[in-house]
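> Starting off with a structure, shown below.
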Amino acid sequence: MIKMLAENWTVIEANLQINWLLVNNCLQFAAWGVFSLLLAEVFRDTYHALCHKVSWLAKWHNKHHAAYRRDLSVVSLKMYQESQLYHDIVESVLLVFVLIIVALLVNQWGFWFGVLYACTFLYGASVRYFQGKIDTDYNHLPGPLEIIPSSLWVNRAYHWRHHFDDVNAYYSGVFPLVDKILGTALSLKGKTIAITGASGTLGQALTAELIKHNAKVVAITTNPEKLITQTGVMVLPWELGNEAQLRDRLEKVDILIINHGVNVYGDRTPQAINSSYEVNTFSALRLMDIFMTTVTGPQDKATKEIWVNTSEAEVSPALSPLYELSKRTLGNIITLKRLEGNCIIRKLILGPFKSQLNPYGVMSATQVAKFIVFLAVRDFRNIIVTINPLTYLLFPFKETSTWLYYRVFSQAKN
């Protein structure tokens, strides 16, 4: 009996033997295929960026921009077809040509997957030019923008910003890899940005950094006497609890940065509890709700944003229980609100920086502000700036699991 079982196991083991050479070849083919796709996108988007930097290329590329109205409807069929000929077809032919040369040089079959990928762009552009069809021109379909710009791929709202927000940004066509590298995935140029807690240490540092990026800042503060008059900054006084009075001003704001807060440290009195939640949680949520009522225009979903300073207290101790509790509550509700997709909401998960709220902070507010803007223009939706390495590991897990839980067990509004 034992001998028969051993023989059967030998037969089974022989049948289940893995052909490691085949597995290695398949993995190698897949790796070269993925690399070829990424390289194709880098080539394609780099050429697009050059079209805005090199004058003789711009003459051709400008036909592409001139073909669309603000709602992405075409000005005329003739102009649309010319845009396909002078930009899309030229770009696709160059892309196919370059990738074929690279494929011949690297001599890897998987790389030809990128060549095939490039050919799909040439085919689509040819159909649009010869037949005048816009059905395959997904990022230029006319109509209002119904969803917010994606951070993972280029959708209509993302690409609309290239045409009508800032032509010198948002170059990517399918995956926003090049924009993230160049810092052109979000343009702050000419944007009106309102920031609460503007008289605080981080508020002033952020204001200075945003002005460097040619933004117009509305400094919302309960202590206007602490701010000096400067070009590009309008001071807007307000009182806690009167958030609704700011709505008219927020109507013309592109980005709202919610940065005000309070830290009662070890205090646990009823007054401290009320103050912590009122300032850190409820006031911030009221401002968010008010701002979202201004997202009404056909292109507002592409341009309106909210940035909220929730701090790394969402996942780490802050040696201040009520600060942690109120900030974690705020962070969790923001995760819930993100499911609605009304506008882009970015979280600022910041470590301890030296400020009025935390005189023992180990980071500089100026450096924190620089990193916030550095990551924002690369379209990071969760902006983590801290010296604590655990936050970079814990926060993504916490945010993903919380998002999934809320997604499954909560319902969208009717």
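> Quick one: P(r) of the stretch 29-132 from all Cα-Cα pairs, 5 Å bins, percents rounded to integers, in order of increasing distance.
Spelled out per bin, shortest first, that is 2, 13, 20, 20, 18, 13, 8, 5, 2, 0.
> What percentages make up the Cα-Cα pair-distance distribution of the stretch 180-298 when the bins are 5 Å wide from 0?
Percent of pairs per bin, in order: 2, 11, 20, 21, 19, 14, 8, 4, 2, 0.
> How many angstrom separate the Cα center of the stretch 336-404 from the Cα center of the stretch 115-136?
Each part's Cα centre sits 41 Å from the other's.
> Counting Lys and Arg as +1 and Asp and Glu as -1, what is the net charge of the other residues whose Cβ lies under 11 Å from the Cβ of residue 95? Intermediate values should be presented prior to the final figure.
On the way: positive: 44; negative: 41, 45, 88, 91.
So the environment of residue 95 carries a net charge of -3.
> Quick check for the stretch 192-409: number of Lys pairs with alpha-carbon distance under 20 Å, counting only pairs 8 or more apart or on different chains?
Final tally of qualifying lysine pairs is 22.
> Where does each of 177, 348, 21 land when they are ranked from fewest to most other beta-carbon atoms within 10 angstrom? Walk me through the numbers on the way to the answer.
Working: 177 14, 348 24, 21 8.
Least crowded to most crowded, the residues run 21, 177, 348.
> For residue 59, go through the lysines and keep the ones whose alpha-carbon is under 23 Å away, minus same-chain ones fewer than eight residues off.
In chain and number order, the partners are 78.
> Now for a separate question. What are the ³J(HN,Hα) couplings of the stretch 157-173, residue after residue, when phi is run through the Karplus curve with 6.51, -1.76, 1.60 and θ = phi - 60°? Round to Hz, x for glycine and proline.
These are the phi-based 3J(HN,Hα) values: 5, 5, 6, 4, 5, 5, 6, 10, 9, 7, 5, 9, 8, 6, 6, 5, x Hz.
> Rg to Rh for the stretch 192-409: what is it, with Cα atoms only and Rh by Kirkwood?
Working: Rg = 16.3 Å, Rh = 17.5 Å.
Dividing the radius of gyration by the Kirkwood radius yields 0.93.
> Normalised by the empirical 2.2 N^0.38 Å for globular proteins, what value does the Cα Rg of the chain take? Numbers along the way, then the final one.
On the way: Rg = 26.1 Å, N = 414, 2.2 N^0.38 = 21.7 Å.
Expressed relative to 2.2 N^0.38 Å, the Cα Rg reads 1.20.
> Turning to a different aspect of this structure: Calculate one ³J(HN,Hα) per residue across the stretch 349-364 by plugging θ = phi - 60° into the Karplus curve 6.51 cos²θ - 1.76 cosθ + 1.60, and present them in order as whole Hz with x for glycine and proline.
For the stretch 349-364, the Karplus curve yields 9, 10, x, x, 10, 6, 7, 5, 6, 9, x, 9, x, 9, 10, 8 Hz.
> Hey, another quick one. Would you compute, for the Cα atoms of the stretch 337-414, the largest minus smallest coordinate along each principal axis and list the three values in descending order, in whole Å?
45, 24, 23
> Could I get the Rg over Rh figure for the stretch 92-165? Both from C-alpha atoms, Rh via Kirkwood, rounded to two places.
Working: Rg = 15.6 Å, Rh = 14.4 Å.
With Rh from the inverse mean 1/r over Cα pairs, Rg/Rh is 1.08.
> If you project the alpha carbons of the stretch 123-261 onto the principal axes, what extent comes out on each, in Å, largest first?
Computed over the Cα atoms, the extents are 64, 31, 24 Å.
The numbers here are math on the coordinates, done by the rules we state, and not lab data. Here the structure is a predicted model, which means the values were calculated and not measured. Don't worry about glycine lacking a Cβ; one is built from the backbone with ideal geometry, like all the others, and counts go over all protein chains shown.
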